[in-house]
Ligand code: FA5
Ligand code: MG
C-alpha cells in the first residue's frame, strides 16, 4: 500500500511539468502516456532540485508545481498581439475607443496600454496585493496553475493593478492571457484573455463641475464631523460608480451598437466595493462578460495613491469576441486554420465581421468509468489529464453518472468525452488510441480503478 501510494505520488508529479520532461516533443506525448513509464525514469524526473523553465527564467519546483505541458505550450502564443486575430481586433477596438474618448490635459491619451507583461506573477501579485485572504478558496491548487509556491500563471489581469498604481499611473489598460484550471466545454478553456482597466480620480476631478465648493471642502480631512466626511466619501464613491458604469456602457455600445440589451448584477470581489458584473443578452441568454467595481481604498492607499479614489474592471476578450463575431467554440481562437483566421483580415478594425462557421466534422463520443481513490481525487486533475492527452481533439467532458457502491462505499464516476477535430473527420481508430491512452493514464496518474 505504502509503495503503491509513493508510486502514485511520483507518477502524479510526472504528469505535471518537469524541466526534464519539457524536452518530450508533442509528437511523442501520446506514446509516453500509452505505456507505463519505468519507475526509474519517473523517480529521476521527480527528484528534488528540478526547475521549471519558462520565458527565460527558472523556477525551482516544489509541492505546488502543477503546470502541464499542454498549458505550457500556450504560454507565449500571445493571441492578443497577433495581427488580425479576433482577440487582437477587439483589443485594438477597445484601445482606439479609449484613446479617442479619454484625452489627458495635453491632448495625449489618458490611458496607457500594457499588453506584454509576463503572465508569470507572484502569488502576492495575484492574491495578496488584491486583499485576497491567505486561505481564500480562489488560491486552491485545483483552480490555478502554479510554477511553485511563490510563482504562478496569472489567473486574472488584476494581478498587475498594484504594481502599475505603485509606479504612479492613474489610468491604464492591461491586456493578457490568463490561466485557470476549469471544466471543458465550448465556453471554457484553461487559457483565455482579459482586458483590465483602472482609473483613479483626484477629489478635485471628481467633484469639478458637479458640486459646489462646499462639497469639495467637505471631502478634505479638516474640521468637519466624521459623519459628514463619511457621507462625502459615499458621495464620491457614487460618482466613481456612475463614471464606471457610464464608461462601460459607452464601450459596449461602441463595440456592439445600440441594439444590445445589457444588465448589471451585484457581485463580490475582495478588491472592489461595491462590485458588479455586466451581462449581455445573447440569443435570449444572459452572458457575463466582465467584473468591475469601485476599488477598495486599502488597495489604492497601499499602492501609494492615498489621495485618490478609483474604479477597475476586467473583461473577458473571448466572451466579447464570441458575441461580436458569432464564434461558437472557444477552441477556435487557437486554430491556425486559414479558413478561420482569414475571416478576420479586415482593412479597418471597425469593419463588421460575421464569422462563417467552418463545416462541423462529426464527433466521436467515448465514455470512461472508474472507481475513485479513497482520497485526493480532484475532478480538475482529470480534466487536465484529458486535455493533456487529447489536446484540442477534446470538445468537452461531461460527468454523466456518479454513484456510491452500497457495500464498499466506493464512488464511481462516469465521464462522457466528446472528441471532434475542427478541421477534419476523426476515425474511430485514432480516437480509440487517444481514449485508451486516457484510460491508462488515469489509472497510472490519478490512482483510480478502471471499469473499462
Ligand atoms: C475577474 O477575473 C476579476 N479580476 C475582474 C475584476 C477586475 C473585478 C477589476 C473587479 C475589478 P471573473 O473571474 O469574473 O473576475 O472574470 C472576469 C471575466 O473574464 C468574466 O466576466 C468573463 O468574461 C471572463 N472569464 C472568466 N472565466 C472565463 C473562462 N473560463 N473562459 C472565458 N472567459 C472567462
Ligand atoms: Mg465572474
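The values are calculated or read from the model by the stated rules, or taken from the named source; none is laboratory data. Just so it is clear, the model here is predicted, and its values are computed rather than measured. Cβ atoms come from the backbone with ideal geometry, glycine included; neighbour counts cover every protein chain shown.
Of everything in region 283-302 that's surrounded by fewer than 19 Cβ atoms within 10 Å (Cβ to Cβ) and within 16 Å of ligand 2 (Cβ to nearest atom), which residue is farthest from residue 196 (Cα to Cα)? Can you show your working first?
At the first step, the residues of region 283-302 found to be surrounded by fewer than 19 Cβ atoms within 10 Å (Cβ to Cβ) are 283-288, 296-298, 301-302.
Those still in the list that are within 16 Å of ligand 2 (Cβ to nearest atom) too: 285-288.
Values: 285: 24, 286: 21, 287: 18, 288: 15 Å.
Ranking the candidates gives 285 first.
Name the residues in region 146-169 that are away from ligand 1 (no atom under 14 Å from the Cβ), in a loop (DSSP other than H, G, I, E, B) and either modelled with pLDDT under 95 or surrounded by 21 or more Cβ atoms within 10 Å (Cβ to Cβ) (or both), would you?
Of everything in region 146-169, just one residue is away from ligand 1 (no atom under 14 Å from the Cβ), in a loop (DSSP other than H, G, I, E, B) and either modelled with pLDDT under 95 or surrounded by 21 or more Cβ atoms within 10 Å (Cβ to Cβ) (or both), namely 147.
Yes or no: region 129-136 includes at least one residue that is farther than 30 Å from residue 341 by Cβ, in contact (Cβ under 8 Å) with a residue 24 or more places away in the chain and in a helix (DSSP H, G or I).
Step one: list which residues in region 129-136 are farther than 30 Å from residue 341 by Cβ, which gives 129-136.
Right, trim to in contact (Cβ under 8 Å) with a residue 24 or more places away in the chain and you get 129-133, 136.
Now narrow it down to the ones that are in a helix (DSSP H, G or I): 129-130.
Yes, region 129-136 has at least one match.
If residue 98 meets every condition in (1) within 20 Å of the chain's Cα centre (by Cα); (2) in a helix (DSSP H, G or I) apart from one, which number is that one?
Tallying (1) within 20 Å of the chain's Cα centre (by Cα); (2) in a helix (DSSP H, G or I), residue 98 fails exactly one: (1).
Among the numbered criteria (1) within 21 Å of the chain's Cα centre (by Cα); (2) free of Cβ contacts under 8 Å to residues at least 60 places away in the same chain, which single criterion is violated by residue 271?
Going through the list (1) within 21 Å of the chain's Cα centre (by Cα); (2) free of Cβ contacts under 8 Å to residues at least 60 places away in the same chain, residue 271 breaks only (2).
Only residues that are within 16 Å of ligand 2 (Cβ to nearest atom) and loosely packed, with under 12 Cβ neighbours inside 10 Å: list them for region 227-264, please.
Hit for region 227-264 is 263, nothing else.
Mind checking whether some residue in region 291-310 is part of a strand (DSSP E or B), over 23 Å from residue 161 (Cα atoms) and within 13 Å of ligand 1 (Cβ to nearest atom)?
Within region 291-310 (the criterion being part of a strand (DSSP E or B), over 23 Å from residue 161 (Cα atoms) and within 13 Å of ligand 1 (Cβ to nearest atom)), the answer is no, since none of the residues qualifies.
Give the residues of region 250-268 that are without any contact (Cβ under 8 Å) to a residue 12 or more places away in the chain and within 30 Å of residue 298 (Cβ to Cβ), sorted by residue number.
Start the filter on region 250-268 by keeping residues that are without any contact (Cβ under 8 Å) to a residue 12 or more places away in the chain, which leaves 253, 257-259, 266, 268.
Within region 250-268, 266, 268 meet the criteria.
Considering each residue of region 311-340, count those that are surrounded by fewer than 22 Cβ atoms within 10 Å (Cβ to Cβ), near ligand 1 (Cβ under 8 Å from one of its atoms) and assigned to a helix (DSSP H, G or I), and give that number.
Here the count works out to 2.
Given (1) farther than 24 Å from residue 143 by Cβ; (2) modelled with pLDDT under 50; (3) in a helix (DSSP H, G or I), identify the lone condition not met by residue 14.
(1) is the only condition that residue 14 fails.
Give the residue that is farthest from residue 371 (Cα to Cα), with candidates limited to residues of region 394-412 that are touching a residue at least 40 places away in the same chain (Cβ under 8 Å) and in contact with a helix residue (DSSP H, G or I) (Cβ under 8 Å, 6 or more places away or on another chain).
Applying the filter and picking the extreme gives 395.
Yes/no per residue for (1) more than 25 Å from residue 309 (Cβ to Cβ); (2) away from ligand 2 (no atom under 16 Å from the Cβ); (3) crowded, with 22+ Cβ neighbours inside 10 Å; (4) without any contact (Cβ under 8 Å) to a residue 60 or more places away in the chain:
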| site | (1), (2), (3), (4) |
| --- | --- |
| 110 | no, yes, no, no |
| 171 | no, yes, no, no |
| 188 | yes, no, no, no |
| 192 | yes, no, no, no |
| 196 | no, no, yes, no |
